[in-house]
Amino acid sequence: MSKYISTILLLLMCTYASAQIQVEGTVKSQSGEPLPGVNIVVIGTNSGMFTDIDGSYSMLVSKDASLRFSMVGYEPIVSTVPSDGTLHVVLKEGVKLKQVVVTALGIVRDKDAIAYAHEEVESKPLTLAREINLGDALAGLAPGVNVSDIGTGPAGSSRIIIRGNHSISGNNQPLFVVDGIPIDNTTLGSSNQWGGYDWGDGLSSLNPDDIEKITILKGNAAAALYGSRASNGVILVTTKRGTKGDKIGVELNSNFTIDQALNTFDFQREYGQGFGGWAPGTQDDAHGSGHFSYGGKLDGSSVIQFDGVERPYEAVDNHSRNFYEDGHSFNNSIALTSGNEQFNWRLGFSDARVNYIVPNTNWKRKTFTLSTGGEIINNLTAEVTTRYILEDSENRPRLSDSPGNPNYSFALIPANVPLEAWAGPNGDGSTEDGLNEQRMASNKWITNPYWATSRFKANDDKNRVIGSVKLRYELDWVYLQGRIGTDHYDSRRFTLTPEGTAFNPGGSLIEENLVATETNMDFILGSTHDFSSGFGYDVFTGANYMDSRFESSGLGGFDFHVPGLLTVQNTIGQFNWDFLWRRRVNSLFGGANLHWKNWMYLNLTGRNDWFSTLPTDANNLFYPSVGASFVFSELVELPEFMSYGKLYTSWAKVSGDVNPYSLDLTYNLIGQGFQGQPLGEITNNTIPDRNLKPSTSREIELGLDLKFFGKRIGLAVAVYNRQTENDIIESAVSHTTGYDAALIKQGAMDNKGIEGAISVSPIQKKDWDWTFAFNASKNWNEVVDLGPGIESIQIAESRTSTAFIHHEVGQPASIIKGFAFKRDDAGNIVFGEDGLPMQGEYEILGNGVHDFIGGIHNSVRWKSLSLGFLIDFKTGGDIYSATNAFAYTYGKHKETLNGRENGLIGEGVTETGQTNTAKIEPGDVLSYYNHLRSNIAEEFVYDADFIKLRQVVISYDLPAAWFESSSIGGITVSAVGRNLALLYSKVPNVDPESTYNNENGQGLEMFGVPQTRSFGFNLNVKL
Amino acid sequence: MKKLILLIPLLFLYFSCDKDFEEINTNPNAATDIAPELLFSTSLLQASGNSNQSEGADLLNVSCYVQHIATTAFNWQGDKYLFSPFNNDVLFSDAFRNEVKSIVAMLDKAKDDPDKTNLYAIGRIWKVYIFHRLTDMYGDIPYTEAGRGYLDGILDPVYDKQEDIYKHMLSELEDATKAIDVNKPFNWEPDFVYYGDVEKWQRFGHSLMLRLAMRMVKVDAALAESWAKKAFDLGLMTSTDDSAFIGHAWEDGVAQNGLAKTFETDDNARLSKAFVDYLKETNDPRLYIFGSIADTLEHKGMPNGWDDGMLFDSTGLTDMETFSRVNIDMVQRWSPTLFLGYAESELLLAEAIVRNWVSGDATEHYENGVRAAMQQLVIFNEWFIIDDSAIDNYLTNNPFNPADDEAAFEMINSQYWVATFLNELESFANWRRSGYPVLTPSNYPGNDTGGLIPRRFRYPQEEYSVNIENLNEAVSRQGADLLTTRVWWDL
C-alpha cells in the first residue's frame, strides 16, 4: 500500500508539462481484488471511462491532467498522471457513498431504502433529443411509462400514463412536481369528435435546459405522500441549481431543428374528382363533386374544375409537400451559475421559437429562472426559486372534424385538383375580392385549408410565474422544514372564425381570459439519526394545504358590422361567460423510515386528506402505506459475478376526489334572454350526486434490482397489482335521461403488470463505450365493476357515429365498440338484396390502449464521439380510423378502387345462405363504400401495433486541447433526429399513434396534424 | 425558536380543518334554484328546433322525404334516401337534452305549487307537443322515464310502446286542458306563444288532441274517432288568432329560427318538382310566397333523387340555377315557427266530418283550413298577404267534394301538406298516416331503403352504446331498426 502511495507522491513531484500521454494501470481494492466498473474522470473535461472486468484501464490524457477514480462504496481518489504513464490505484473501502434519490416531498433517500419502482432520467437525453414537449421526450425511456405523442401542434398537450389507466373516467395523468412544488398541468382544452383546438397543458412551460434530473415515481407507495393527485404516479423534476465555484460558470446551449410532415397517406391516384365514374362536366358539377374522387380514370384529358379553369385530368404531384411547410425551431439558452459555502445562485434565460409545419402556425417561449440558496443563519437554510415564463402561440391548428380543419380538407383533396386552385388568386383560399372563402365543394362544412390557415385565428399567450420558498432548520437530530409554492398563470385567447367562411358567413370571435392559481404550503417536522449499533431512523410528521382556482371568463360575438375590425364591440350578437372552479385539499401526514445496518429498510406512511369537492359528511379519508427493502447482497455471500441485489415490496392505498360542483343541480340563464325575458336552463350536463365518497385504490408491488459484473449488467424487474375501487365514474348515459353523463360511485378497475429493464455495457474501454438498454412493460387492465347493473359505459364517440370507446366489465379499459359486419355461422359476411353488407351486432372491435410497450436504447462512444438511438414500440392496441372511413366515402382510399370499372360483388352470402350475387354497378360504388362508413365500424378498426425509430443522436465533445488557452471549459456539438421512421405499422394512411386529444377515450383518430420528423443540431458551450 | 415550536400544534389544526369547504364547492356563477317559468320559456324555444336539429332532421332529410325540397347536392342525404348517422340522430339526442330536460324539470317544480296550477297544466300540454314529434319520427321512445336522470336517478330509461305513449298523451291533453282554470291569472310574460291567454292554450290542447287522434286512423279507427270527437266537443281553435307559433330573434342560439342557418350557408335547396307541380296545377298563389326565382324565369321544381350527372343527362343543365329556391323571407333568423295552425286544425276537422266522426259541414271546414293556410303566411312577413278574392278564386277553381271520401281525403291532406311546408316533421307524419298526396319515390343508385320513401328515423347509434337492453326490447317489438320500418300508427 505505502509503496503505491510513495509512487504517486514521487510521480507528483516529477510532473512536467507536455501534450498527451497514454496512462494505464489497474485499480484494486484494499484486499487486492481488481475492481471493475470504477469511474475515471479527467477533471475539468467531459472525458472519462470505466475500468475493465480485470480492473485495468488505459486512456489518452494530457500530461498535466488530474484523474478522479471513484466507485460506490469506496473513497474516491484524485491523482495526477505519472510521467511514465503507469498509474495503479487502490481504493479504500470507506463510509459508503450512497446513491440517493429525491423522493416525495423532496425527501432525499438512500436508493437502497426505496421500496418501490422508480426511474431516473438524466438531463442529457432530454436536452439532446429536445422535443419541445417535455412529455413527448419521455417516450420509450422508462418501463411502464406510456407516452402518447399526439399530433396536435406545437406545445400541444401530451398524454403520459404510468402503469395503465387507474381511474375509469377521472384524470389518469401523473402529478408534475418541480423542485418540490406541484405545478398545474391542466389540459387547457382539447378537441373532440366535433373538432376544436388543443390549447396545450402545463408542461410546455418547462425549459429542458433547466432540468437536472427527472425522477418518475410509479407506484402508489411512491405517491402516498403527495395525496390523491399522485395516484397516477409522480414526475419529479429537479432543476439545476448553483454550484460551488470560484468564478461564475456559464453554460450556453443553442439548438436548431427542422421539422417535416411525415406523410403517411397512401391514397389512390388513379381516379379523379367526380361521381359515378365521370369527371365533372361543368364548373357547377366540379363544385358539387367537391372532395369526391369517384370520377373517371385519370387520363390527362382537359377537365373543368370548380374555379372554372380547365386542367389536365391527371394526378398532381406532391400534395403534402406543397401544403405543409418545413417547420423549424430554435431554442437558445444561457445560464450563469456561482456559489460558495454560504450562498449559491443560478440565473437562466431561454428563448424558443417554433414555426410549425402547418402554415402560419408558430409558438414562442421565453423563460427566466433564478434559483438561490444558502445558509441564512446557523442551521437555517433557505432556497428561493422564481420562474417567469412567457408563451405566445399563434394559429393553433383545428383538428378532427371538418369545419376550419385544414388537415381534413387537405387529406381528401382529389388527386387531380392542384393546391394552387384551392389557394386561389390571393393565395389564402379567398375569392378574388378577398372577402369570402373560396369554396371547393357544395358541402359548406369542409373548409378550404388555405382559408383555414390564413384567416382563422386561434392565438393565445400565457404569462406564468412559478415561485417557491423553502426554509429548513436542522439541529442535531431534529429538522423542521416549511415550504410555500405557487404556480400562477393567466392566459388570453383569441379565436376567430373569419367573415366570409362558408359555414359561418357572418364570422365570429371569442376572447377568453384564463387565470389559474395553485398554491401549496407544507411543513414537516422530523428527526433522523443513525446509531452506532446499525439502527437508524427518520420519522416525520407534517401537513399540507393545496388550494387551486381556475377561472375562465370571456366575451364572444358573431356577425361583424365593419369588415376587418376584429373586436367584440363590432359584432351584432354578443355573449359572455364567467366560470370559476375552486378546490382545496387539506392534509396531515406522517411517516417513519427505519433501517438496520445497510441491508434492511422499512418505510411507513400515513395521510389523511380533507376534500372540498366531496360532501362535508364524507370528505375525508386516511390512507397508509408500508414498504420494505432488503439488500441481500450486503448480507449473504453472492456468486462473484453478482455484485448487487435488492428485493423490495410495498403496499399502499390512495384516495381521490371528484371535480368541483359535482354534488348539486344548478341553473343558469341563457344568453340575453328573449323578448326581454330571462331564459333558464339546468347548468349540469352530468347528473350531480350528493352521496359521493372518496375513491380509493390499493397497490401491492414487488421488485428486484440486480447488478452483475460490477455495473456491467443491470436488471430491474417489478410486478404490481393495483385495485381501484369506489371509483367515481363519469359515464355517458342515454340522452333520454336529459343529460350526457352520470357519476357512478362504485367503479372498480384492476391493473396488474410487470415491467423490467436490462442494461448491458459490454465494452467499457478507453476509447470505446457501448451500452445497450432495453425496457418493456406489460399491463393487464380489467374493468371490474361499473356500478349496480351496469355492464358497459361509453366514454367517447367517433365523429362517424359508428364507433365508440367503452369501459366494459371484464374487459380492459377503453375498448373500441361498434357495429360489425353481419356474418353467418361460418363467418361469411351477409349481404342484403341490394348487394350491400348488412350491419351485424354492436360488439367489441378492439382495444384502444396499447398494453405492451417498451424501448431499446443503444449508445456507443468512440473517444469523444458518441452515437445513440432509441427505438420504441407499443403493441396490443387498435385504432378506429375516421380518416380512413371518410376516405372511403370520398373515394380516396385505395380499397375504393375495387369495382370502379366492372362493378363489384361483395364476397359473402345472402340472408338465405346463397352466395351473394347482387352486383353493385361501377357507377354506384360510392354508395357501397359510403354504406360501409356509415354502417360498419369493423371495416375501419386496425391493429395499431408499431415500432418507431424514435431518435438518433450523434454528439461530439471537441478536444479540450483546441481551447486549452481560452476560458472555454468544454464544447459539445450534437445532431439529433426525432421520429425518423415508422418501422412497423399496419394502419393504412395514418400514424398508429394518432389521436385528437389526451383524454381517456383513446383509440379514435380523425384528421389530425401529421406527425413530424425532425432533424436538429445542438451546440453546448461551458465557460 | 422554542416559541415557534409552540406554534406547530396550531399549524396541524389549521391544515386538518374543512372550514369553508361547502362554500368553496359552491358554483358562484350558477343558481341553486330557479322559477319554473324560466324553464318553461326555454322549452318553448327549444321545441322549435335549434339549427343543428332543424338542419339535420327537418331539412336535409325529412323535407326531401316529403318532397317539399329536392337537390342534387350530396349533403342532403334525405333526397336520395341515404342514411347519415349524425343527421338521423340529432333530433333525438338534442331534443331529450334540451326541451325534454327543461319541461320535465319545469313540471317537477310547478307540480305542487298551488299558485302555479295553470303553468303546470300548460306545461303538461307542452310536454305532449314535445314528445309527439319525437315518437312520430322514431316510434317507441323513452317517455315515462325520459328526462328523469336527476329527479329519479333513471340512467337507462325504458322505451315505451308508441301505442301507450299516444294513449297517455291523449289523456294528458284531456286532463291538462280541463285542469286549466280560466279565472286564475297566469304569469304571461314567459309565454311566448299565447302571452297568458289560457283559453287559447286550452284550444291548442284540443286541436293537438285532434292531430293525435287523426294519426291513429289507420291503426285504430275507433280510438281515433273517439278522441277526435272529444277534441271537437272540448273546443278546437276558432281562427288564425288561435294558431300556435313562436317568434324568433336575430341572435344566435336558442332564440333563432332553427331553419335559418342552413339557408344562410347552404344554397343547395330547391323546391321539389312534386311540390311545385301541385301548386302550379292548382294555380296556388302560395307558390310565389314559398318560392323565389329570377324574374325572367318560371317556377320550376327539382325532381327528387337526382345528382348533377342525372340532372345533366335529363335536362342538359349543368346547374340548379333555373330551379325555384325557397323564398328566404320564409326562413329568416327571425321568421316564426308554426307549431300548430288553425289551418291544420280545420283541415283535420274536415276529414273527421267526412269520416262521419263528428257532424258538421266538411266543405266549410276544408275551406276554412285552406283560407287560414293562405292567411297565416302573414306571420312570416307582413307583405305575404293573399287577398280574399284570390283565395275565393282558388277555392272556386279547386272545388272540394265531400261526397267522394277518397277524393276528399286526398284534397284535405294535400292541402295539409302545403299548409305544413317548413313544419316538415308534421308534414311527414300526416303524409304517412294519410297516404296523401301520393308521392312517387325516387330510386337513387345504392340508396338505403331499396327505393322506398323512409317511414321513420333510425335510433341513434349512441343508444346502442348506452341503453342497449331497452333499445333492443323496442326494436324487437317494433321491427328492425331501419328507415323503412313503420311506427305503430303507420300500418
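The values are calculated or read from the model by the stated rules, or taken from the named source; none is laboratory data. Owing to the predicted nature of the structure, the values given are computational and were not obtained by experimental measurement. Ideal geometry is used to build each Cβ from the backbone, glycine not excepted, and the neighbour counts take in all protein chains shown.
Before moving on, here are some points about what is shown:
- Considering A:TYR720, A:TYR644, the condition of being assigned to a strand (DSSP E or B) and surrounded by 22 or more Cβ atoms within 10 Å (Cβ to Cβ) is satisfied by A:TYR720 alone.
- Condition check for A:ASP285: at pLDDT 85 or above and out of contact with any Pro (no Cβ under 6 Å at 6 or more places or on another chain): no
- Residue within segment A:794-812 that is surrounded by fewer than 17 Cβ atoms within 10 Å (Cβ to Cβ), small (Gly, Ala, Ser), over 23 Å from A:GLU119 (Cβ atoms) and out of contact with any Leu (no Cβ under 7 Å at 6 or more places or on another chain) present: yes
- So A:VAL849, is it over 23 Å from B:LEU471 (Cβ atoms), out of contact with any helix residue (DSSP H, G or I) (no Cβ under 7 Å at 6 or more places or on another chain), modelled with pLDDT of 85 or more and not in a strand (DSSP E or B): yes
- Highlighted here are the helices (runs of 4 or more DSSP H) found entirely within segment B:238-294 that include at least 3 residues which are within 14 Å of chain A (Cβ to nearest Cβ), touching a residue at least 40 places away in the same chain (Cβ under 8 Å) and not polar (S, T, N, Q): B:260-265.
- Among the residues of segment B:411-461, none is identified as more than 30 Å from B:GLU367 (Cβ to Cβ), among the aliphatic types (A, V, I, L, M) and touching a Phe, Trp or Tyr at 6+ places or on another chain (Cβ under 7 Å).
- Entry remark, segment A:724-768: residues being assigned to a strand (DSSP E or B), without any contact (Cβ under 8 Å) to a residue 40 or more places away in the chain and within 14 Å of chain B (Cβ to nearest Cβ) number 0 in total.
- Verdict on B:LEU234 being touching a His at 6+ places or on another chain (Cβ under 7 Å), at pLDDT 95 or above and within 28 Å of B:ILE453 (Cβ to Cβ): no
- Segment A:520-533 - residue that is surrounded by 17 or more Cβ atoms within 10 Å (Cβ to Cβ) and either of a type outside the set (D, E, K, R) or over 33 Å from the mean Cα position of the chain (by Cα) (or both) and, of those, farthest from A:ARG464 (Cα to Cα): A:GLY526
- Out of B:GLU298, B:GLU225, one residue alone is of a type in the set (D, E, K, R) and at pLDDT below 95. It is B:GLU298.
- Within segment A:678-696, considering residues that are in contact with a strand residue (DSSP E or B) (Cβ under 6 Å, 6 or more places away or on another chain), at the interface with chain B (Cβ under 7 Å from one of its Cβ atoms) and part of a loop (DSSP other than H, G, I, E, B), the one farthest from A:THR736 (Cα to Cα): A:PRO678
- Here B:PHE192 passes the criteria (1) in a helix (DSSP H, G or I); (2) under 21 Å from B:PRO336 (Cβ atoms); (3) of a type in the set (A, V, I, L, M, F, W, C) except the one numbered (1).
- The single condition from (1) modelled with pLDDT under 90; (2) surrounded by fewer than 23 Cβ atoms within 10 Å (Cβ to Cβ) that A:ALA732 fails is (2).
- All of B:ARG148, B:ARG133, B:ARG124 fail the test of being surrounded by fewer than 24 Cβ atoms within 10 Å (Cβ to Cβ), more than 8 Å from chain A (Cβ to nearest Cβ), more than 30 Å from A:ARG933 (Cα to Cα) and in contact with a helix residue (DSSP H, G or I) (Cβ under 9 Å, 6 or more places away or on another chain), apart from B:ARG124.
- Taking (1) surrounded by fewer than 17 Cβ atoms within 10 Å (Cβ to Cβ); (2) modelled with pLDDT of 95 or more in turn, B:LEU208 satisfies each apart from (1).
- Filtering segment B:28-79 to residues that are part of a helix (DSSP H, G or I), surrounded by 23 or more Cβ atoms within 10 Å (Cβ to Cβ) and among the small types (Gly, Ala, Ser) leaves B:SER41, B:SER43, B:SER54, B:GLY56, B:ALA57, B:SER63, B:GLY78.
- Against the test of being farther than 30 Å from A:GLY827 by Cα and not β-branched (Val, Ile, Thr), the options A:TYR880, A:TYR956, A:TYR890, A:TYR929 yield a single qualifying residue, A:TYR956.
- Pairs meeting the criteria (first residue in segment A:87-100 and farther than 28 Å from A:GLN22 by Cα, second residue basic (Lys, Arg) and at pLDDT 55 or above, beta carbons under 6 Å, at least 6 apart or on different chains) are A:GLN99/A:LYS111.
- Every listed requirement among (1) within 21 Å of A:LYS218 (Cα to Cα); (2) over 26 Å from the mean Cα position of the chain (by Cα); (3) surrounded by 19 or more Cβ atoms within 10 Å (Cβ to Cβ) is met by A:THR737 save one, (1).
- Out of A:PHE774, A:PHE709, one residue alone is more than 14 Å from every other protein chain (Cβ to nearest Cβ) and in contact with a Phe, Trp or Tyr (Cβ under 6 Å, 6 or more places away or on another chain). It is A:PHE709.
- Residue under evaluation B:ASP308, criteria (1) in contact with a Leu (Cβ under 8 Å, 6 or more places away or on another chain); (2) within 14 Å of another protein chain (Cβ to nearest Cβ); (3) charged (D, E, K, R), criterion not met: (1)
- Any hit, segment A:278-289, residues being under 19 Å from A:SER409 (Cα atoms), more than 10 Å from chain B (Cβ to nearest Cβ) and not in a strand (DSSP E or B): no
- Residues located in segment A:790-833, provided they are hydroxyl-bearing (Ser, Thr, Tyr) and at the interface with chain B (Cβ under 9 Å from one of its Cβ atoms): A:SER792, A:THR800, A:SER801, A:THR802
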